[in-house]
Amino acid sequence: MVNSRVGIVDCVPLLYILIGKYCTAYNIDEKRIRSIADVPFTIERAKLLAQALPKSKLVTPHILAEFSNWAKNKVGEQNLAKFLMTIKTDLEKIEEKPKAKEDLLMEEQFYKYGLTDIGILKVAQENNCLIFTSDRPLKNQYESLGGQAEHILDLFERFKNMGLLKE
């Protein structure tokens, strides 16, 4: 299920995977997390999602900013340092591809999708990336432009149909 292409990992899938690693490392009950952006959380799902992503991953600075805010909210401010220490090496392995704010603000679709999603779309197009997201409009827009995108709920459904996920 691992894809050999470069993948842009949006905020929710990135957070999902790295919180899964954190919960595993510190034996934290997954029920404490419950969900991430309305996507029910389990460590089993996090591990399968991590395996499905390409080895070569990209993020934009906007994804990292959203990730940081969500992480603080999900793990709690008192656990943030421990969480970041746990995932630092993982973040170092992900390439960051900035796109100038001035260029993104000039995009026709900026007002419809916002800064983060336009940045993802532009970087994905320029690098022929597969997008991993929990955002249906982003997925649909990229596919309408000829790109390939995976919604994590669709991936989880495939894992279930393949017998890899026991839900």
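The values are calculated or read from the model by the stated rules, or taken from the named source; none is laboratory data. In this text the structure is predicted, and so the values were computed from the model without any measurement. FYI the Cβ positions are ideal-geometry reconstructions off the backbone, even for glycines, and counts take in every protein chain you see.
Every residue, every condition in (1) touching a Phe, Trp or Tyr at 6+ places or on another chain (Cβ under 9 Å); (2) modelled with pLDDT of 95 or more, yes or no:
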{"residue": "Tyr113", "(1), (2)": "no, no"}
{"residue": "Ile120", "(1), (2)": "yes, yes"}
{"residue": "Asn127", "(1), (2)": "no, no"}
{"residue": "Ile131", "(1), (2)": "yes, yes"}
{"residue": "Leu145", "(1), (2)": "no, no"}
{"residue": "Asp154", "(1), (2)": "no, yes"}
{"residue": "Glu167", "(1), (2)": "yes, no"}
Return the residues of region 74-110 that are polar (S, T, N, Q) and either farther than 30 Å from Gln141 by Cα or at pLDDT 90 or above (or both); say none if nothing qualifies. Gln78, Asn79, Thr86, Thr89
Are there any pairs with C-beta distances below 9 angstrom linking a residue in region 53-72 that is at positive phi and crowded, with 18+ Cβ neighbours inside 10 Å to a residue that is β-branched (Val, Ile, Thr) and at pLDDT 95 or above, with the two at least 6 apart or on different chains, and if so which? none
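Yes or no, residue by residue, for (1) in a helix (DSSP H, G or I); (2) under 25 Å from Arg32 (Cβ atoms):
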site	(1), (2)
Asn73	yes, yes
Asn79	yes, yes
Leu84	yes, yes
Lys88	yes, yes
Pro98	no, no
Tyr113	yes, no
Thr116	yes, no
Go through region 18-52 and count every residue that is over 17 Å from Leu155 (Cα atoms), assigned to a loop (DSSP other than H, G, I, E, B) and either of a type in the set (Val, Ile, Thr) or without any contact (Cβ under 8 Å) to a residue 12 or more places away in the chain (or both). 5
By residue number, the members of region 116-149 that are in contact with a Ser or Thr (Cβ under 8 Å, 6 or more places away or on another chain) and either in contact (Cβ under 8 Å) with a residue 40 or more places away in the chain or among the hydrophobic types (A, V, I, L, M, F, W, C) (or both) are Thr116, Gly119, Ile120, Val123, Ala149
Just a yes or no: is a residue in region 6-13 more than 19 Å from Ala124 (Cβ to Cβ), in contact with a Ser or Thr (Cβ under 8 Å, 6 or more places away or on another chain), at pLDDT 90 or above and not in a loop (DSSP other than H, G, I, E, B)? no
